[in-house]
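**Q** Submitted below is the structure of interest, expressed as structure tokens.
The values are calculated or read from the model by the stated rules, or taken from the named source; none is laboratory data. What you see is a predicted model, and the numbers here were worked out from it, not measured in a lab. Methodologically, a virtual Cβ is constructed for each residue, glycine included, from the backbone with ideal geometry; neighbour enumeration extends over all protein chains shown.
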Amino acid sequence: MTREAILDLCKRRQRAMDARDVEALAALHAEAGELDSPLAGSSRGREAARRVYAAFFAAFPDAVETTDPPIVDGDRVAIVATVAGTHAGEFMGLPASGKSFRFSIAHVLTVRDGLIVRERRIYDFTGFLLQLGVLKAKPV
């Protein structure tokens, strides 16, 4: 893929995230693609990616991802972003807490033939769970 095609894919991904368009997001993933995330674990396939996005937006319907410009190196892309929102739906079997959250995330993508063949999400999952009240921190 050309750099321009990769940047276009990143723009389409951001538009779909902004619109919370689960189908458009899933369509960006290869049919046999991989998605690895602290929240979702390891998922394989476009349908699995669709379920990951759907579950995220169901739990955090007002979530907003604000991205820095993508870093492109060949067929690899790094997207650094901040995600913020409110826990307003069921998450990991827990009812909505109404608590807000904010965390930094890095999406490391491998792209081929116009699609994401691998996505790895890197963020502080423990810090995220602390913000939601799922985990409690010991006072120092």
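**Q** Can we say Arg3 is basic (Lys, Arg), loosely packed, with under 15 Cβ neighbours inside 10 Å and more than 12 Å from the chain's Cα centre (by Cα)?
**A** yes
**Q** Determine whether Gly114 is at positive phi and either of a type in the set (Lys, Arg) or free of Cβ contacts under 8 Å to residues at least 24 places away in the same chain (or both).
**A** no
**Q** From Arg102, Arg121, grab the single residue that is touching a Pro at 6+ places or on another chain (Cβ under 8 Å) and at pLDDT 95 or above.
**A** On inspection, the qualifying residue turns out to be Arg121.
**Q** If you don't mind, there's one more thing I want to ask. Six or more apart or on different chains, Cβ under 7 Å: which pairs go from a residue in the range 1-25 that's in contact (Cβ under 8 Å) with a residue 40 or more places away in the chain and more than 11 Å from Leu115 (Cα to Cα) to one that's surrounded by 15 or more Cβ atoms within 10 Å (Cβ to Cβ) and among the hydrophobic types (A, V, I, L, M, F, W, C)? Could you list them?
**A** Arg3/Val72; Leu7/Val72; Met17/Leu25; Arg20/Phe57
**Q** Would you point out the residue of the range 6-47, among those that are charged (D, E, K, R) and assigned to a strand (DSSP E or B), that is surrounded by the fewest Cβ atoms within 10 Å (Cβ to Cβ)?
**A** Here the answer is Glu31.
**Q** What is the number of the single condition among (1) part of a strand (DSSP E or B); (2) buried (at least 17 other Cβ atoms within 10 Å of the Cβ) that Val52 does not meet?
**A** Evaluating Val52 over (1) part of a strand (DSSP E or B); (2) buried (at least 17 other Cβ atoms within 10 Å of the Cβ) leaves (1) as the failure.
**Q** All but one of (1) outside any loop (DSSP other than H, G, I, E, B); (2) surrounded by 13 or more Cβ atoms within 10 Å (Cβ to Cβ); (3) modelled with pLDDT under 95 hold for Val108; which doesn't?
**A** Here Val108 clears every test but (3).
**Q** Would you confirm whether or not the range 125-139 contains a residue that is exposed (fewer than 13 other Cβ atoms within 10 Å of the Cβ) and within 30 Å of Met1 (Cβ to Cβ)?
**A** No - not one qualifying residue is present in the range 125-139.
**Q** Look at Asp36 and say whether it is at negative phi, at pLDDT 95 or above and within 13 Å of the chain's Cα centre (by Cα).
**A** It is true that Asp36 is at negative phi, at pLDDT 95 or above and within 13 Å of the chain's Cα centre (by Cα).
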